[in-house]
Every structure is written in structure tokens, then in C-alpha cells.
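*Asks:* Here you go, one structure.
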């Protein structure tokens, strides 16, 4: 294919960063279009049905939306070199770190943006929507556009009760990743994996790029900042190798352990609530849309407890590593079970069953 892809995105966008880094690494020809008001009205809303980025329009005129689905479709079209390791421990770890990055790292990403970088974010949103307007007009537009994003913090569980625990967890994660990236170029060697692209979303758009959190990263975790820069400008596009012998570096175990400790109990709770929600909606057939949130529940982070919305989409993402585990032959299943045991993630080997989810017409639905 020689004709390029059209990529509707923004530098301030969490998931745009994930897809952009993939496009650059794979050297896929693309043109990036800013998500202006006109782009939403003329392209995104007619094609997707709701205002969202990133969106990719293929040379054939097909519409791709959702960072995971975009990357997986492009990976099908541009399979070399693969960003999914072929060996079981590395592949599972990459899938898990994508779930963790996409869904759980929203907490520090949103906290730092709207509680530590507010004025910068408002200016960025305003300039994005009205690039030729006066500073006053841009700020007015920025305040209007940013309102639902900043207002979403309590639904995510980002409140004054949890801010301290969110910062403590994030700073510890930075320290853990700094150790790892002090030795390795990427998560599993010299080639970025799907786990790297997932991690890049929050660590670039919200943490590296926003000034207050960017200063924290660069001073506290310089190896992480340099990893971000490698992801921005790949030193070896379409190159590099995953570590031999299915090695998951010991330096990644603290990160996986953090995911198991912080996120997996919340995912178990979401699964239980989805089961009850499905029992209360017996008339819904396969293909019925699943709400973005199905109530609230209590989650724990460190010493803090708070209510947050119950997001079924997290389970759609979790299905990927769970399906991979289920697909393995017995010997490989034992190998990934040992990895999970080391990380404290035995729960994932026998995760509670829940209604299967899929995506149709850019919406989450019952399978």
C-alpha cells in the first residue's frame, strides 16, 4: 500500500500518543489532522457517531476507532516486525501492561493534568480548537471543551481523598520504570511491544508533555524520559529484537506486581457487578449496547478508599490477556502461571466469569 492513512488526533490526547508512536515505528504513511470542531462535524461524527479521537481513515475509506482496534488492524496489514512477542510470558506481560496503561494509569494522568497542569491544559485545548483566535477566545474555548474532562475526575475516583495515594503510586511506578529503562531500551529488549505503546499513551501525553508533571519525570526518572523520547522518534524503525528465551526482565516484576495489587481487585469487582447487571437486564440480546458505566463501587489504592464508576470497557480490554491464557497449551500455561504467581496475579488464571463483551459500530456491546 502506498497511499497514506489519515489520522485524526491531538498531541494532548492520551490514546492519540499510543497510535502515533505505533505509526512512526512501523513507518506507516499517514497524515495527521487536528481534531478541530470542523473535523468533528464533517468527519468524525458522521463516521463514528460520537466525538472521539483517535480515528484513522484507511486508504480504502474504512474508519478505525479505539487505539487497540486501530493498532490490531494495522498490525494485520503491516505484520513485520510484529509488536506482539511470540513467546508466552512476554506476550502475556505485554497484553497485561497494555490493560494497566490504558485503563489504570488514567488515574494519575487525569490527576496530574487537571490538578497540576490546569492552565496549560486549558490553553492547549483552546489553541487546538481555535488555532487562529485571540488568547481570550482560545481560553474561552478551552474552558468549554475541557469542562467534561476535568469534571470526570470523581467518576474515575480521583478526589481529594485519593490524590495522595495516586501520587504515591505514580511516583513509585516512575522509580520502578526508571530502573528498568536504565538497562533496557524498551520493555522486552530493543523492539517496542504493544505494552510499550500502551504505556506511552499516559506517560507522554499527560506526564512528559504537561509541564509540571514533565519536570517531575525528567528530574526523578530521567531514564523514563529518555524512553519517551525513543518512542517519539524511534532509533531503529521497524527494527530491534525481543529478548531471547521468553525473558521477562526482573526489573519489570515490580511493575507487574503493582498492577496485580492495585488494579486486579478492582477488575474482579467490575466483573461481579457486570454479572449482576446482566442478570437484571435479561431482555437484552447479543449486540445490545453496554452503558459506559453501570453504577459505582468502592476501590482501594494504598490507604485510600473511594467510590468510582464501574466501567465494563475495562473487562473488554482484560478479555485479551484472559483469552490468550485460555488459548495456551498446558506447558505454556504453566509458564505464564509461574510468571503471574511471581507477580501476585494468580487470580488471572481463574478469573471470575463475566458476560462476554465485543465492539460493534464503535460501541461496546454484549457478545
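The values are calculated or read from the model by the stated rules, or taken from the named source; none is laboratory data. Source: prediction; values computed, not measured. Cβ sites come from the backbone with ideal geometry, for glycine too, and all protein chains shown count toward neighbours.
*Asks:* Test of understanding: among 343, 293, which residue is surrounded by 19 or more Cβ atoms within 10 Å (Cβ to Cβ) and touching a residue at least 60 places away in the same chain (Cβ under 8 Å)?
*Replies:* Exactly one residue qualifies, and that residue is 343.
*Asks:* Let me ask something else. Determine whether segment 80-88 contains at least one residue that is in contact (Cβ under 8 Å) with a residue 60 or more places away in the chain and closer than 30 Å to residue 146 by Cβ.
*Replies:* no
*Asks:* Could you check, for segment 36-44, whether at least one of its residues is in contact with a helix residue (DSSP H, G or I) (Cβ under 7 Å, 6 or more places away or on another chain) and at pLDDT 95 or above?
*Replies:* Looking through segment 36-44, none of the residues is in contact with a helix residue (DSSP H, G or I) (Cβ under 7 Å, 6 or more places away or on another chain) and at pLDDT 95 or above.
*Asks:* Here's something else I'd like to know. What residue, of 229, 215, is under 26 Å from residue 10 (Cβ atoms), in a helix (DSSP H, G or I), in contact with a helix residue (DSSP H, G or I) (Cβ under 9 Å, 6 or more places away or on another chain) and modelled with pLDDT of 95 or more?
*Replies:* Sole residue among the options that is under 26 Å from residue 10 (Cβ atoms), in a helix (DSSP H, G or I), in contact with a helix residue (DSSP H, G or I) (Cβ under 9 Å, 6 or more places away or on another chain) and modelled with pLDDT of 95 or more: 229.
*Asks:* Further question on the same structure: For segment 235-275, which positions are buried (at least 19 other Cβ atoms within 10 Å of the Cβ) and assigned to a loop (DSSP other than H, G, I, E, B)?
*Replies:* Of everything in segment 235-275, those that are buried (at least 19 other Cβ atoms within 10 Å of the Cβ) and assigned to a loop (DSSP other than H, G, I, E, B) turn out to be 248, 263.
*Asks:* Here is a further query. Do you know which of the residues in segment 317-338 that are surrounded by 15 or more Cβ atoms within 10 Å (Cβ to Cβ) and under 22 Å from the mean Cα position of the chain (by Cα) is farthest from residue 261 (Cα to Cα)?
*Replies:* 324
*Asks:* Quick one: how many residues across segment 289-307 are assigned to a strand (DSSP E or B) and more than 21 Å from the chain's Cα centre (by Cα)?
*Replies:* Residues in segment 289-307 being assigned to a strand (DSSP E or B) and more than 21 Å from the chain's Cα centre (by Cα): 8 in total.
*Asks:* Sticking with this structure for a sec: Take the residues in segment 33-62 that are within 21 Å of the chain's Cα centre (by Cα) and surrounded by fewer than 16 Cβ atoms within 10 Å (Cβ to Cβ); name whichever of them is farthest from residue 235 (Cα to Cα).
*Replies:* 50
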